[in-house]
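The structure appears right after this line, and notes come after that.
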Amino acid sequence: MPTKLPVGTIMVLHALARGHRYGFDLIEQTGLTSGTVYPALERLEGLGLARSRWEDERVARREKRPPRRYFEITAEGKRALIDALDRYRALAPLTIDGVAYPRGAEPA
Amino acid sequence: MSERLPATVRAILALAALVVPAYRRALWRRQWVAELEHRRAHPEARRGLVGFALGSLAHASYLRRREMTMRGFHADLRHTARGLLRRPGFSLLTVATLAAGIGAATAIFSLAEALLLRPLPLENDDRLVRIFSTNRQRAQSRFSVSYPDYVDLTQRSGLFEASSFYVEQSRDVSGGGDPERIRTASVHEGFFQTLGSPTHLGRVFTALDHDPRGETTAVLARTFWSGRFGGDSTIVGSTIRLDGVPHTVIGVVDDAVGWPAGVRVWTPLQWGGSVPEAVDRRTNHTWQIVALLRPGVDLPAAGDRLAQMAEAIYTGPGIDPRDTGTSAALVPLHSSRGGEGPGALFATLGIAALLVLLIACMNASGLLLVRAWARGPELSLRAALGAGRARLALSLMGESVVLASIGGALGVALGVLGLRNAFAQAPPSITSLGDPRLNLPVVLAGVGISVVAALLAGVFPAMRAVRVSVAESLKEGAGRGTTRPGGTRLRQGLVVAEIAFSLALLAGAALTVRGFQRQIATDPGFDASSLLSFTVRLPASRYTEDALVDAFYADAVARLERHPGVLSATSTSRLPLGAGGLSLTRAFIFDGATPPPDGPEFRAAWVEVDPEYFETLGIAPREGRAFTQDDSPDAPLVAVVNERMARLMSPDQPIVGRRIRSVYDENLPRTVVGVVADFQLNGVSRAERNPLVLVPRAQSVRTSMAFLVRTSGDPAALTPVVRRTLAELDADVALDQLQTLRDAHAADLAGIRFLTTLFAAFGVLALVMAVSGVYGVVSTSVTQRTHEIGVRMAMGASAGRVRRAVIRESAALAVTGLSAGMVLAYAAGRVLAVGMDGIAIPEPSTYLTVALVLAVSVLAASWFPATRATRVDPVEALRSE
């Protein structure tokens, strides 16, 4: 994985992988602020890890709202996500001050 | 659709949209509108809509940053830096100019920060306030508060969680070393609790200490305790004497707070439950108040409320007519530490510093414009190759940003260091106010000022770059044709403005310096050399009878005069030249005249003196007689007035022989027996010679007095003799302010000297910058017109003619700038005259001198480029075509 992604961007990528598609939904899912999510989406798209398309005007008009910009993860994005998750997974398991991580696991 | 979004959200979007690169803007906006509409549709999410919308700013700046990186903004910066290094002269000049401006502004900010803004090290600093009485009719801002006002304003307003008050006085302390005169304060209940200053040792006052039947106690300030008592931790429980009265030390408080400044020992007011009758009067403005606002109370609102309450009280019934117009003011404790003075001082210095900054920016702007012109071919080429206008503007802005950053760093460091250096030599009256430091707020302010400077200096050159026309500039031989390049008019405008502002600043500085010189040069009306002065305060506990007090002064004068080095000595209640003693002003009427408010009253300083006073000071009566030993307590009451008072009270007939009384206090008829010439009683802050009434010391006995000793040689050499003589008389009486009158006067002048020096430094900076600005413009103009000049000379124009043409150009600039500057300078003079004594408004000579200096400097600055123009070789100039 050539580029090191910040954790917020990985969280957004993760949410995209789970099928969430636009800004508001991603914010709800990740718990990040709008000021983090939108730049993260731009960064992902710039790196080719996600792509965006505009919603069909007719659908938007039918639902009486402005058209949305939808995002989806690319194949490269999926690989990058798996790499990133592997790296984070390497941090667990661990015992901190007598508390096991993941919670509930036996202390190592 | 966005019309339906709240105004705040729309404003945020509009702002963010400015940052988004233009080609993305429409789609970006569409995306955000969709998201916001969606979020609005969720009832639970509606509240956070503004916070959500703020994300658009982050989004927009991300896109902008990426845009810049992609297009090589960093490469541009490198290019800028290289370009600046290739022209070290230009770069150094611009950096120096900006450093001077930014340094001046930062220095004044750091002064303001130290004196007004820096919080005190107290837990509730943000809620601690002081309350003052004010009176606009009498032009009095911030004076002490009366007890009834205190009760009404603090306890009945409901605005405060706690409050207390104190009054300062000087007392002689003995115990633990030689007797010493120190600042002390008597505090009401709850003072330390309100202030929240930390107790270092023992305890602070409780209700018991304020009980008149209890023992008298005292609390020491920590610095005083460690200085005088060597930090003795067993001090609690021991006894010190204040004016001879024993006080039991119960604790030591930390005085690192620095407020009230200089108080060494605290004692409790022992009123018990009742308030002394003399205190419970609205006219008795005595107390310094400190109060703790309730949490959540808004300061300005509380201030308005107090002012309303006070105004209601003073327009109500039973108010002395002299008190009409009294109101109240609320000031944060940390900004009140400098007292009344700093306000006017900062207004003046702040404006001066801003002017220096403005001139510096205009100067730098002029230099950058020249640079933009020099870079014209390069910019045209880049424009031809497809660089956007914004990009070219940024490239030039980049130069001003880089220069202002370096200039800012230098300026902030030099400004604060310079100020600290100046502070090291400043008198205690200035240094006790605060300690300017290079701390975070100052650095932030410096950065802010630098950013403003960068924008101010860079905006015109950047605008020029935007107007670069590709075809035209390439066609015209890369902008070096016979016609003048654009921007000349702009640069000339800048120089005119620079000259105008410099004139205003120089005139202000000159007026201040002249005012100062006038005050130094003022003949005090007596021979101030070879005079030694000091003050004493006799312990009231032992000097219980007037006869004892009188005997002490008479004895002291007699013993001093017995010394061979002493020509004469006298005691007086107040020293001349503002050197110390008791400052009393009283209102007089002729005996038998209608008393005020129906009849007129005449205010004059009240000074008690010995018969020897006139001889020691060297002033002989102009009319009538001076005092003699016969003007004893039992003799008829007499007075001597100065000529000013005589003219004021009795302009048409001799005042000698008439009887006057001071209506509000002594109120006994005194026969005027003599008139003396006016002399300077006050210090520099009120240097004009006020009306004066002198009375014999023996007829008005008080325990604290000042002494004047006229010596035959150097007065300073006599200080040990004076100490010894007084110690022989009473070893427990402390001498205070033992110094030559000259030194006392110099110390008094030092504060104003500090201000004047700073101001003069700003003035000189402005002059230097105006001159270099003119030089830059004229010099560039000559370079640009080399070809034209060459042609003229080839056609037979003489060197003198060419020189005159060049100088005429700068003369036109100077005349325009000076005319505009005169108006500004006059306004500046008006402002200064309000804030400072000794400055007369209509002082045409000063204005003319300053204008002349500026004009000559400007013309001199254009002389060199003009001379260069005469050396243009026509052949060379034409060949370069």
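The values are calculated or read from the model by the stated rules, or taken from the named source; none is laboratory data. Please read all numbers here as calculations on a predicted model, not as lab measurements. Using ideal geometry, Cβ is built from the backbone for each residue, glycine included, and neighbour counts are taken over all protein chains shown.
Here's a check for you: in region B:536-576, which residue that is among the basic types (K, R) and within 20 Å of B:A717 (Cα to Cα) is surrounded by the fewest Cβ atoms within 10 Å (Cβ to Cβ)?
Initial filter on region B:536-576 (among the basic types (K, R)): B:537, B:542, B:559, B:562, B:574.
With the extra rule that they be within 20 Å of B:A717 (Cα to Cα), the set shrinks to B:559, B:562.
Working: B:R559: 17, B:R562: 10.
Residue satisfying both the conditions and the ranking: B:R562.
Would you point out the residue of region B:153-174, among those that are surrounded by fewer than 18 Cβ atoms within 10 Å (Cβ to Cβ) and among the charged types (D, E, K, R), that is farthest from B:P268 (Cα to Cα)?
Among those residues, the one meeting the criterion is B:R156.
Could you please tell me which pairs satisfy a Cβ distance under 8 Å, a separation of 6+ or placement on different chains, a first residue in region B:53-65 that is facing another protein chain (nearest Cβ under 8 Å), and a second residue that is among the basic types (K, R)?
Partner pairs satisfying both residue conditions: B:Y62/A:R43; B:L63/B:R24.
Answer with yes or no whether B:S810 is of a type in the set (S, T, Y) and under 12 Å from B:A855 (Cα atoms). Explain how you work it out, then say what you get.
Details: of a type in the set (S, T, Y): yes; under 12 Å from B:A855 (Cα atoms): yes.
Spelling it out, B:S810 is indeed of a type in the set (S, T, Y) and under 12 Å from B:A855 (Cα atoms).
Can you name the residue in region B:620-639 that is at pLDDT below 90 and either surrounded by 14 or more Cβ atoms within 10 Å (Cβ to Cβ) or farther than 26 Å from B:S530 by Cβ (or both) and, of all such residues, is farthest from the chain's Cα centre (by Cα)?
My answer is B:D634.
A quick yes/no check of all residues on (1) at pLDDT below 85; (2) crowded, with 18+ Cβ neighbours inside 10 Å; (3) hydroxyl-bearing (S, T, Y):
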| site | (1), (2), (3) |
| --- | --- |
| B:T816 | no, no, yes |
| B:A827 | yes, no, no |
| B:I839 | yes, yes, no |
| B:T849 | no, no, yes |
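Residue check: is A:R43 within 8 Å of chain B (Cβ to nearest Cβ) and of a type in the set (K, R)?
Taking the combined requirement at face value, the residue satisfies it.
Identify all residues within region B:228-282 that are small (G, A, S) and buried (at least 19 other Cβ atoms within 10 Å of the Cβ); write none if there are none. Break it down stepwise before answering.
Kept after step one, since they are small (G, A, S), are these residues of region B:228-282: B:230-231, B:233, B:237-238, B:244, B:251, B:256, B:258, B:261-262, B:272-274, B:278.
Of everything in region B:228-282, just one residue is small (G, A, S) and buried (at least 19 other Cβ atoms within 10 Å of the Cβ), namely B:G251.
Being over 33 Å from the mean Cα position of the chain (by Cα), crowded, with 19+ Cβ neighbours inside 10 Å and at pLDDT 75 or above narrows it down to one of B:L349, B:L369, so name that one. It would help to see each step written out before you state the result.
Details: B:L349 fails: over 33 Å from the mean Cα position of the chain (by Cα).
After applying the criteria, what remains is B:L369.
Restricting attention to region B:472-491, does a residue exist that is within 38 Å of the chain's Cα centre (by Cα), surrounded by fewer than 22 Cβ atoms within 10 Å (Cβ to Cβ) and either modelled with pLDDT of 80 or more or under 20 Å from B:V782 (Cα atoms) (or both)?
Of all residues in region B:472-491, those within 38 Å of the chain's Cα centre (by Cα) come to B:490-491.
Next cut, surrounded by fewer than 22 Cβ atoms within 10 Å (Cβ to Cβ) only: B:490.
Next, only the ones that are either modelled with pLDDT of 80 or more or under 20 Å from B:V782 (Cα atoms) (or both) stay: B:490.
Taking every residue of region B:472-491 in turn, at least one turns out to be within 38 Å of the chain's Cα centre (by Cα), surrounded by fewer than 22 Cβ atoms within 10 Å (Cβ to Cβ) and either modelled with pLDDT of 80 or more or under 20 Å from B:V782 (Cα atoms) (or both).
Scan region B:650-673 residue by residue and report those that are modelled with pLDDT of 90 or more and surrounded by 21 or more Cβ atoms within 10 Å (Cβ to Cβ).
Of everything in region B:650-673, those that are modelled with pLDDT of 90 or more and surrounded by 21 or more Cβ atoms within 10 Å (Cβ to Cβ) turn out to be B:I655, B:I660, B:R661, B:R670, B:V672, B:V673.
Which one is surrounded by the fewest Cβ atoms within 10 Å (Cβ to Cβ), of the residues in region B:734-751 that are assigned to a strand (DSSP E or B) and out of contact with any Leu (no Cβ under 7 Å at 6 or more places or on another chain)? Step through it out loud before you land on a result.
At the first step, the residues of region B:734-751 found to be assigned to a strand (DSSP E or B) are B:735-740.
Then drop every residue that is not out of contact with any Leu (no Cβ under 7 Å at 6 or more places or on another chain), which leaves B:736-739.
Values: B:D736: 19, B:Q737: 17, B:L738: 20, B:Q739: 19.
Residue satisfying both the conditions and the ranking: B:Q737.
When you look at A:L5, is it at pLDDT below 90 and more than 14 Å from chain B (Cβ to nearest Cβ), yes or no? Don't jump to the end; show me each part of the working.
Values: at pLDDT below 90: yes; more than 14 Å from chain B (Cβ to nearest Cβ): yes.
Against the criterion (at pLDDT below 90 and more than 14 Å from chain B (Cβ to nearest Cβ)), A:L5 qualifies.
If you go through region B:754-771 one residue at a time, do you hit one that is closer than 30 Å to B:G580 by Cα and among the polar types (S, T, N, Q)?
Of region B:754-771, the ones closer than 30 Å to B:G580 by Cα are B:754-760.
Add one more test, that the residue is among the polar types (S, T, N, Q), and what stays is B:756-757.
Among the residues of region B:754-771, at least one is closer than 30 Å to B:G580 by Cα and among the polar types (S, T, N, Q), which makes the answer yes.
In region A:55-80, what residues are in contact with a strand residue (DSSP E or B) (Cβ under 7 Å, 6 or more places away or on another chain) and either more than 12 Å from every other protein chain (Cβ to nearest Cβ) or exposed (fewer than 14 other Cβ atoms within 10 Å of the Cβ) (or both)?
Step one: of region A:55-80, the residues in contact with a strand residue (DSSP E or B) (Cβ under 7 Å, 6 or more places away or on another chain) are A:55, A:67, A:69-74, A:77.
Result: A:E72, A:I73, A:T74, A:G77.
Exactly one of these conditions fails for A:T36: (1) surrounded by 12 or more Cβ atoms within 10 Å (Cβ to Cβ); (2) within 17 Å of B:Q31 (Cβ to Cβ); (3) out of contact with any helix residue (DSSP H, G or I) (no Cβ under 7 Å at 6 or more places or on another chain). Give me its number.
A:T36 satisfies all of (1) surrounded by 12 or more Cβ atoms within 10 Å (Cβ to Cβ); (2) within 17 Å of B:Q31 (Cβ to Cβ); (3) out of contact with any helix residue (DSSP H, G or I) (no Cβ under 7 Å at 6 or more places or on another chain) except (3).
Select from region A:30-40 the residues that are more than 10 Å from chain B (Cβ to nearest Cβ) and in contact (Cβ under 8 Å) with a residue 12 or more places away in the chain and list them in ascending order.
The first filter runs over region A:30-40 and keeps only residues more than 10 Å from chain B (Cβ to nearest Cβ), leaving A:30-31.
Once the filter is applied, which keeps residues that are more than 10 Å from chain B (Cβ to nearest Cβ) and in contact (Cβ under 8 Å) with a residue 12 or more places away in the chain, region A:30-40 yields only A:T30.
Residues being modelled with pLDDT under 90 and under 38 Å from the mean Cα position of the chain (by Cα): count how many of those fall in region B:242-252.
Going through region B:242-252 one residue at a time, the tally reaches 2.
If you check B:A500 against the conditions, is it among the small types (G, A, S), under 30 Å from B:L824 (Cβ atoms) and at pLDDT 90 or above? Lay out the reasoning, then the answer.
On the way: among the small types (G, A, S): yes; under 30 Å from B:L824 (Cβ atoms): yes; at pLDDT 90 or above: yes.
Yes; evaluated as a whole, the condition is true for this residue.
Across region A:30-79, which residue is farthest from the chain's Cα centre (by Cα) among those that are modelled with pLDDT of 90 or more and aliphatic (A, V, I, L, M)?
Ranking the qualifying residues of region A:30-79, first place goes to A:A75.
For the list (1) more than 30 Å from B:L392 (Cα to Cα); (2) out of contact with any Leu (no Cβ under 8 Å at 6 or more places or on another chain); (3) modelled with pLDDT under 75, I need the number of the one condition that B:A7 fails.
Of (1) more than 30 Å from B:L392 (Cα to Cα); (2) out of contact with any Leu (no Cβ under 8 Å at 6 or more places or on another chain); (3) modelled with pLDDT under 75, only one is false for B:A7: (3).
State all residues of region B:25-44 that are within 11 Å of chain A (Cβ to nearest Cβ) and surrounded by fewer than 16 Cβ atoms within 10 Å (Cβ to Cβ); if no residue qualifies, say none.
Of all residues in region B:25-44, those within 11 Å of chain A (Cβ to nearest Cβ) come to B:27-42, B:44.
If the condition is that a residue be within 11 Å of chain A (Cβ to nearest Cβ) and surrounded by fewer than 16 Cβ atoms within 10 Å (Cβ to Cβ), then B:L27, B:A41, B:H42, B:E44 are the ones that fit.
Grab the strands (runs of 3 or more DSSP E) fully contained in region B:584-646, keeping just those with 2 or more residues being of a type in the set (D, E, K, R) and in contact (Cβ under 8 Å) with a residue 60 or more places away in the chain.
On the way: elements: B:585-590, B:602-609, B:621-624, B:638-642.
Once the strands (runs of 3 or more DSSP E) in region B:584-646 are filtered for at least 2 residues that are of a type in the set (D, E, K, R) and in contact (Cβ under 8 Å) with a residue 60 or more places away in the chain, what remains is B:602-609.
Out of B:V252, B:V257, I need the residue that is free of Cβ contacts under 8 Å to residues at least 60 places away in the same chain, in contact with a Leu (Cβ under 6 Å, 6 or more places away or on another chain) and assigned by TED's automatic domain parsing to the domain that holds B:S197. Which one?
On the way: B:V257 fails: free of Cβ contacts under 8 Å to residues at least 60 places away in the same chain.
After applying the criteria, what remains is B:V252.
Would you pick out the residues in region A:8-28 that are within 16 Å of A:L85 (Cβ to Cβ) and either part of a helix (DSSP H, G or I) or at the interface with chain B (Cβ under 9 Å from one of its Cβ atoms) (or both)?
Looking only at region A:8-28, we keep the residues that are within 16 Å of A:L85 (Cβ to Cβ), and these are A:8-18.
Matches in region A:8-28: A:G8, A:T9, A:I10, A:M11, A:V12, A:L13, A:H14, A:A15, A:L16, A:A17.
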